[in-house]
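Below is one structure, written out as structure tokens, with a few remarks after it.
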Amino acid sequence: MALTHSEISGLFSAIVTPLTVDGSVDIAGLKRLVRHQLDAGASGVVPIGGTGEYPALSRDERKRVVAACVEEAGGKPVIPGVLSTGFQDAVEAGRDFAAAGAAAVMTVTPYYAAGTQEGMRAYFRAYRDAVDLPVMLYQIPRRTTVAVTAEGVQAMAEDGSIIGMKFSSYDMPEFIKTMKYAGDRISVLSGEEPLFATHVALGARGGVLASATIYPKVWLRVFELARAGKLNEALAEQTRIDPVVNSIFLETNPGPLKAFMAMAGMPVGGVRLPLTAPTAETTEKLQAVARHARDIALA
């Protein structure tokens, strides 16, 4: 049975792709990471998005990553990211992931050759027709420079093209409009750690967060508090992880995140070009934050 919007709720960890010393995908490490999320209580995992270095992986590697996640997840939803720039490449990826057992795909707005609002609506309508999986819209304008408006999201929901979206933007008025126009038809998930509690308090049904790859329990506590209407308590809990969030995004994700994970006792290897290891200045800040996280028993 196909995944529905009502089943997309809670924390979906945007996980890194562990690599071995020689730079190949570490399947055993990947399965441990998936297990870490689910044992903590995450609703599912989102592999090979931006945090999972989608552009740096080959088509075959992406398929193997999704298949390994599905195998380890034991029925929990695996919703891989699709970050291809072209429609046909995105379709091929979606079909690969369907064959690997994914529950849905999280497909980024088309970029580089950016379409109009109607063009993006038509893109997702055609994409859903071509791929036999439910689709989540991935909106991250700071990376793509394009965004679907709240009205556009509403139209996509009415088309049946999408069952949810990851809202990665600091545009709060647009978030509020999106919830107003489409929040009853799709599952809107927050993609911004600093706004997570606020997004949930305003109706988001959960989140897709990069830092959850190491600290899922913290974000689950924030989620439960915010969902219960205890926003001040949720923000206070979120403050505990703020230094981690600030440090791991000092350079392009997931370079600092992977470095931090090693410092925190969860090594997952390095990153692939064009990303490189964090600079000495960033590394020093990461080390200080890792010490602080140990001191306050952040977990």
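Using 0.36 nm per residue and subtracting the Cα-Cα separation, the extra length available between PHE87 and GLU71 on full extension is 3.0 nm. The residue among ALA262, GLY191, ILE214 whose Cα reaches farthest toward the positive pole of the charge dipole of the stretch 176-299, with charges on the beta-carbon of Lys, Arg, Asp and Glu, is GLY191. All Cα-Cα distances of the chain, cut into 5 Å bins from zero to the largest, leave 1, 6, 13, 17, 20, 18, 14, 8, 3, 1, 0 percent in each bin in turn. Relative to the Cα centre, the charge distribution of the stretch 129-239, modelled as +1 at Lys and Arg Cβ and -1 at Asp and Glu Cβ, gives a dipole magnitude of about 340 debye. Computed with the Debye formula from one identical point scatterer per Cα of the stretch 27-83, without solvent, the log10 of I(q)/I(0) at q = 0.24 Å⁻¹ comes to -0.93.
Comparing ALA14, ALA98, ALA228 in a Gaussian network model of the chain where C-alpha atoms under 10 Å apart are linked, the largest mean-square fluctuation is found at ALA228. Loop exposure criterion: chymotrypsin sites (Phe, Trp or Tyr not before Pro), DSSP state outside H, G, I, E and B, at most 14 other Cβ atoms within 10 Å. Applied to the chain, the longest stretch between such sites is 171-299. Overall, the stretch 42-171 carries a charge dipole of about 180 debye about its Cα centre when +1 sits on the Cβ of Lys and Arg and -1 on the Cβ of Asp and Glu, all other atoms neutral.
Put simply, the amide H of LEU19, placed in the peptide plane, has neighbours under 5 Å in ASP26, GLY269, GLY270, leaving out anything fewer than 5 places away on its chain.
Residues whose amide H falls under 5 Å from that of GLY10, counting only those 5 or more places apart or on a different chain, are GLY206, GLY207, with hydrogens built in the peptide plane. Across the stretch 39-44, computed HN-Hα scalar couplings (Karplus, 6.51 cos²θ - 1.76 cosθ + 1.60, θ = phi - 60°) run 5, 6, x, 4, 6, x Hz from first to last residue, x flagging Gly and Pro. The smallest convex shape that holds all Cα atoms of the stretch 178-296, its convex hull, gives 109 Å³ per residue.
For ALA297, project a label point 7 Å along Cα to C-beta. Then give me every residue of the stretch 211-238 with its amide nitrogen under 15 Å of that point. Flagged as within label range: 218. In a fully extended conformation the segment linking THR239 and LYS217 would gain 6.5 nm over its present Cα-Cα distance, using 0.36 nm per residue.
Taking 10 °C and 1.306 mPa s as conditions, the stretch 139-221 diffuses translationally at an estimated 123 µm²/s according to Stokes-Einstein applied to its Kirkwood radius (Cα pairs).
Each reported figure results from applying straightforward, stated rules to the coordinates on display, with no laboratory input. Values in this document were obtained by computation on a predicted structure and should not be read as measured data. Counting neighbours? That spans all protein chains shown, and the Cβs are built from the backbone with ideal geometry, glycine included.
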